Amino acid sequence: MEKEMLYPVINACRTEQKLDGMWQFKFDALGVGGHEHWPAGLPQAQEIPVPASFNDFFTDKDSREYTGDFWYARHFFVPAAAQGRFVGLRFDAVTHRAAIYVNGQLIRRHEGGFLPFVADVTAAVHYGADNLVVVQGNNELSREALPAGDTVTLKNGKKMARPFFDFYNYSGINRSVHLLTLPQQRITDYTVNTTLTGDAAQVAYTVATTVPGTVTVTLTDAAGTVVAQGEGAEGTLTVAQPHLWQVRAAYLYTLTIQLQAAGQLVDEYQDSIGLRTIAIRGHQILVNGQPVYLKGFGRHEDSPFAGRGFDQNVEAKDVALMAWTGANSFRTAHYPYAEEVYQMADRAGFLVIDEVPAVGFKMAAASFLGGLDQSFFGGDWIKPLYTKHLDQITDMIRRDKNHPAVLAWSLLNEPDTCDDRSVPYFKQLFADTAALDPQRRPRTFTLSEDDTITTSKDLQFPDFYLLNRYPGWYHYAGYALSDGEAALRAELDQWASSGIDKPIVFSEFGADTEAGLHKLPSVMWSEEYQVEVLQMFSRVFDSYPFIRGEQVWNFADFQTVEGTMRVNGNKKGIFTRDRQPKAAAFYYRQRWLALPLNF
Ligand SMILES: CCCN1C[C@@H](O)[C@H](O)[C@@H](C(=O)O)C1
């Protein structure tokens with residue numbers, strides 16, 4: 001579990017410098033970097049941008065598909081004034097694992113390619129001088145790591161990723177790197193939890209610090225007016241006539257936390273927070289006590305050139321396009337996204353289902369992508385996997401817990417819940433994660449087509465259900481679409497008569513579509529057919545009141561492994577990979593803008 005997850009800020013007590021740009025880069029297929037002293041500097045290196053995946057910058061297939069160790073390096077200067085402070089290097093994400101060296105010294109290792117970690121370099125840096133940071137990365141997949149997969153070795157000796165998931169294994173320093181200097185006596189975390197009482201909001205807060213001291217908390221509104229203050233490492237702020245954070249009508253306050261020691265201000269941290277409540281009541285998902293119907297997308301962090309590297313330009317475009325369609329939510333399929341994504345969702349009023357990369361926990365998925373066919377939860381990899389799974393859920397919640405946009409936590413995508421051996425795993429997971437979120441938001445996971453109300457052994461665990469269903473594509477496709485509608489309705493009739501009174505959200509449904517392919521009457525892969533499939537789902541959703549959301553798969557076309565079922569990636573996007581609309585984008589704009597928000 002990472003101790004310090006606070007997003008970097010610059011203020012009177014804290015400094016931050018981004019180390020983004022061109023870094024030295026070198027593959028290490030033979031694994032010689034360690035004993036050839038690469039931690040002290042990379043010989044004959046090339047250059048790769050950070051943040052970005054390294055894959056798409058190459059013109060040869062061996063490099064694009066490279067699986068194994070890879071090294072990054074760059075120089076950075078630490079001011080003399082930093083002496084006596086905590087000096088850290090914060091990596092927002094290195095996919096999938098990393099060892100960090102500074103001036104040739106191993107500082108730390110980290111496992112997990114989608115969450116931040118801080119390397120404490122206080123004792124390793126030269127002050128008022130130049131320093132060298134070297135990152136030893138690795139992108140190999142295994143059944144005891146997240147996301148799950150295999151790494152195979154070809155006859156020519158080259159390693160190849162064999163993902164049990166349908167997104168490209170983009171790798172590298174995918175998000176920003178920050179040089180932080182912080183007070184030794186500092187704020188390390190905070191929590192907020194809002195309840196609404198009549199015409200006031202009660203904001204319970206806690207503040208964690210490295211030393212006991214005097215903590216003061218100030219809440220100011222968007223105009224900068226102080227609306228509440230508190231003293232002490234925990235307490236409750238009362239906000240009269242609060243301006244609530246609403247779906248697609250966001251309002252953010254600024255929370256300022258100050259730590260004083262011996263009468264001196266030693267640290268300060270400020271963040272934007274939204275006052276809102278989230279609950280599930282029967283079949284309803286409630287925000288501020290009002291039912292909300294989720295309209296939106298399963299997404300990926302994916303774009304040409306940067307691959308899975310975070311690109312603020314792409315995210316700004318995606319937020320604009322989601323707003324244009326009338327969407328109000330998305331799921332971070334199939335891994336936690338960059339923190340800036342949640343900050344933008346906070347400001348835009350989108351609801352987010354936040355998902356860890358527990359994807360591929362089903363050998364059928366592997367066989368879907370050409371893998372094996374045996375029980376995933378019966379494997380001898382489960383014990384080490386569980387440790388990493390719980391660790392990454394813990395860190396995801398620690399990182400994202402204060403975002404008003406975060407509605408729920410998705411703990412897995414499409415695990416094999418038809419196997420009795422999954423039950424102890426889920427029982428332990430839901431017990432171990434029950435108290436991680438101070439706001440106790442709902443926890444869930446997505447159910448594949450195999451995992452139905454009659455076959456799944458784990459339906460007692462989720463607080464609401466996420467269904468991934470593909471009639472019209474993987475079965476009942478083409479002219480048989482009407483059979484697909486009948487089969488979907490038959491399944492939902494079972495849910496209706498089951499007595500289960502939890503909401504259902506459709507988290508995946510759709511059809512691969514080649515933009516610009518038109519056919520009248522329709523044919524699979526045409527834009528017309530994609531709209532027909534989505535219209536079918538809309539008819540069904542509108543027939544069952546316990547369906548409380550539709551998140552179509554996918555927001556945009558995205559890169560996957562090569563295969564007979566992929567045409568240079570997955571084409572189920574409502575938008576193309578360069579973010580241009582298919583006919584389905586106009587369909588959803590017309591449907592979602594006409595749907596009332598609260599119903
Ligand atoms: C069959 C697995 C469910 N779902 C997972 C998602 O990652 C894939 O992209 C999607 C698809 O096949 O388009 C299917």
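Details
- For region 413-458, the set of residues classified as assigned to a loop (DSSP other than H, G, I, E, B) and more than 23 Å from M396 (Cβ to Cβ) consists of C418, D419, D420, R421, E449, D450, T452, I453, T454, T455, S456, K457, listed by residue number.
- Residue that is nearest to the ligand (Cβ to nearest atom) [pool: residues in region 488-512 that are surrounded by 14 or more Cβ atoms within 10 Å (Cβ to Cβ) and more than 18 Å from W553 (Cα to Cα)]: E491
- Any hit, region 53-61, residues being under 30 Å from V561 (Cβ atoms), at pLDDT 95 or above and of a type in the set (V, I, T): yes
- Look at (1) surrounded by 15 or more Cβ atoms within 10 Å (Cβ to Cβ); (2) more than 16 Å from the ligand (Cβ to nearest atom); (3) more than 24 Å from the chain's Cα centre (by Cα) and you find that R539 fails only one, number (1).
- Selection count where residues are away from the ligand (no atom under 15 Å from the Cβ), under 8 Å from the mean Cα position of the chain (by Cα) and of a type in the set (A, V, I, L, M), scope region 318-340: 1
- Breaking point among (1) away from the ligand (no atom under 14 Å from the Cβ); (2) at positive phi; (3) modelled with pLDDT under 95, for G516: (3)
- When region 544-565 is filtered for residues that are near the ligand (Cβ under 9 Å from one of its atoms) and more than 26 Å from E491 (Cα to Cα), the ones remaining, listed by number, are F558, T560, M565.
- Residue identified as of a type outside the set (D, E), in a loop (DSSP other than H, G, I, E, B) and free of Cβ contacts under 8 Å to residues at least 40 places away in the same chain among A99, A124, A93: A124
- Options L467, L429, L411, L481; residue that is within 12 Å of the ligand (Cβ to nearest atom) and buried (at least 19 other Cβ atoms within 10 Å of the Cβ): L467
- Note on region 570-596: residues that are within 16 Å of the ligand (Cβ to nearest atom) and surrounded by fewer than 22 Cβ atoms within 10 Å (Cβ to Cβ) total 2.
- The residue pairs whose first member lies in region 547-563 and is assigned by TED's automatic domain parsing to the domain that holds G573 and more than 23 Å from L593 (Cβ to Cβ), whose second member is more than 12 Å from the ligand (Cβ to nearest atom) and among the basic types (K, R), and whose beta carbons are closer than 6 Å, counting only pairs six or more residues apart or on different chains, are D557/R577.
- Counted residues, region 156-170 - those being more than 15 Å from the ligand (Cβ to nearest atom) and buried (at least 24 other Cβ atoms within 10 Å of the Cβ): 0
- Within region 488-499, residues that are touching a residue at least 12 places away in the same chain (Cβ under 8 Å) and assigned to a helix (DSSP H, G or I) have Cβ atoms under 6 Å from residues that are among the aromatic types (F, W, Y) and surrounded by 12 or more Cβ atoms within 10 Å (Cβ to Cβ) in these pairs: L492/Y544, counting only partners at least 6 apart in sequence or on another chain.
- Considering region 459-473, the residues that are in contact with a helix residue (DSSP H, G or I) (Cβ under 6 Å, 6 or more places away or on another chain) and either basic (K, R) or assigned to a loop (DSSP other than H, G, I, E, B) (or both) include one that is farthest from E414 (Cα to Cα), namely G472.
The values are calculated or read from the model by the stated rules, or taken from the named source; none is laboratory data. Please read these numbers as outputs of a predicted model, since none were measured by experiment. A quick note on method: Cβ atoms are made from the backbone with ideal geometry, for glycine too, and the neighbour counts reach across all protein chains shown.
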